Each structure stands twice: as structure tokens, then as C-alpha cells.
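The values are calculated or read from the model by the stated rules, or taken from the named source; none is laboratory data. Remember, predicted model here, so these are calculated numbers, not experimental data. Glycine gets a Cβ as well: all are built from the backbone with ideal geometry, and neighbour counts include every protein chain shown. Just the protein is used for accessible areas: all its heavy atoms, side chains included, with ligands, DNA and RNA removed. Shrake-Rupley method; radii C 1.70, N 1.55, O 1.52, S 1.80 Å.
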Amino acid sequence: VLLADKVKAGKVEFRVIDGLTIERRAELGCAIPPDVMEELKKCHVILKGPTTTPRKGDPWPNVESANVAMRKALDLFANVRPVKVPELGIDWTFYRENTEGGYAVGSQGVQIDLFIDFTVATSQGCERIARLAFDYARKTGKNRVSCVTKANIIKTTDGKFLDTCQKVAKEYPEVQFDDWYIDIMT
């Protein structure tokens with residue numbers, strides 16, 4: 001049913017791209033086999049099913065997540081999730097940066113007696129996700145953008161993102177801006 005008239009008119013072509021199995025990725029030692037990536041880059045829209053990302057203790061080698069590799073290679077920087085619950089008056093849209101933060105370096109942490117993972121925030125990455133959210137608010141008449149960080153704890157990278165959001169917010173006086181800090185206590 002989806003796009004049936006355009007498919008019938010020959011304006012939409014569906015392709016099945018095989019080869020993104022965990023077995024093949026493990027055999028080649030890469031997140032996405034080169035032939036698969038070549039085919040993905042030819043597409044304007046990709047509908048992708050689930051892929052396996054090896055976890056610690058799995059029998060697979062530590063290959064990078066296919067999802068993260070695809071985001072990086074195709075510059076799919078924004079994860080946009082609309083949430084509507086009309087009976088509760090909820091009409092929210094969540095924006096999450098998809099290529100930076102913990103995704104930038106992936107599973108390349110350091111393990112000695114001290115375990116370190118890295119998070120990355122670039123000026124460009126912070127600005128484009130913030131601007132995308134504010135542009136969406138302006139275009140749709142939404143009146144609020146909230147920035148959720150751990151900038152009170154992760155001062156360098158989350159702090160950079162918060163500073164950038166505050167700067168971008170000044171260009172959108174019609175949109176209320178607020179920031180939230182997330183602390184999880186156990």
C-alpha cells in the first residue's frame with residue numbers, strides 16, 4: 001500500500017541488499033562489507049531490519065555495530081523520534097545526535113587496570129543537531145526546545161553541547177529554551 005501508485009508508475013524501485021549478516025561481518029572483520037556499503041550508497045531511502053551487534057561474551061569478534069557504521073558512512077547524524085499521545089496532550093519530537101558522543105569511537109576503549117571509554121563532541125556536530133531541533137520547532141509552530149545533558153557531570157563534551165544549544169536558542173526568540181540535567185542514582 002505504501003507508495004503503491006509510485007511503484008506502479010515505475011517511480012520507486014525496491015532493492016533487496018543481502019550480506020549484512022553477523023556471520024559475513026565476522027568473517028570479513030568489518031561492520032559493513034564493502035559491497036553492501038556500495039549498494040547502500042546508491043539508495044535514497046533505506047529500510048533496514050535488525051542486525052546483530054556483538055556483546056562482550058558473544059562468540060563473535062568485536063566488530064563495530066552495523067547501525068553505527070551506517071550512520072557514520074552515510075552521515076545520518078540525526079535520530080528523530082516523534083511521540084504523540086493525544087489523550088495526554090503529548091506531542092513531542094526527540095532529536096539525538098547519532099554519530100558523535102559514545103558512537104564516535106565505538107568499541108575502541110582502553111583496558112589496562114583502568115577502563116576508559118571516550119565520548120566526542122564537535123562544534124559542527126553540536127550545532128547541526130541543535131539547529132535541526134530549533135528549525136523544526138520554528139517550522140511546525142512548536143514553542144519549546146529542551147536540551148537534556150549530563151553537563152553538570154560531563155562538563156567538556158556535554159557542556160559544549162549545552163553551550164551550543166544556548167547560543168543557537170538566541171536565534172529563535174519565539175521558541176522557549178530550557179535545559180535539563182539527567183542524573184541516575186542507583
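General observations
Conditions (1) open to solvent by less than 80 Å² (accessible area, probe 1.4 Å); (2) of a type outside the set (Asp, Glu), marked per residue:
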{"site": "LYS11", "(1), (2)": "no, yes"}
{"site": "GLU27", "(1), (2)": "no, no"}
{"site": "VAL63", "(1), (2)": "yes, yes"}
{"site": "TYR95", "(1), (2)": "yes, yes"}
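- When the criteria are applied in full, CYS30 meets the requirement of being modelled with pLDDT of 90 or more, in a loop (DSSP other than H, G, I, E, B) and in contact with a helix residue (DSSP H, G or I) (Cβ under 9 Å, 6 or more places away or on another chain).
- Residue count for segment 91-113, restricted to those that are modelled with pLDDT of 65 or more and not in a loop (DSSP other than H, G, I, E, B): 8
- Residue list for segment 63-85, filter: polar (S, T, N, Q) and not in a helix (DSSP H, G or I): SER65, ASN79
- Residue among GLU13, GLU23 that is over 25 Å from ILE129 (Cα atoms), more than 24 Å from the chain's Cα centre (by Cα) and at pLDDT 90 or above: GLU23
- Qualifying positions in segment 114-166 - part of a strand (DSSP E or B) and touching a residue at least 12 places away in the same chain (Cβ under 8 Å): VAL120, ARG144, VAL145, SER146, CYS147, VAL148, THR149
- One residue stands out among those in segment 125-153 that are farther than 16 Å from GLU97 by Cα and hydrophobic (A, V, I, L, M, F, W, C): the one that is surrounded by the fewest Cβ atoms within 10 Å (Cβ to Cβ), which is ILE153.
- The one condition from (1) out of contact with any Lys or Arg (no Cβ under 6 Å at 6 or more places or on another chain); (2) surrounded by fewer than 16 Cβ atoms within 10 Å (Cβ to Cβ); (3) of a type outside the set (Gly, Ala, Ser) that GLN176 does not meet is (1).
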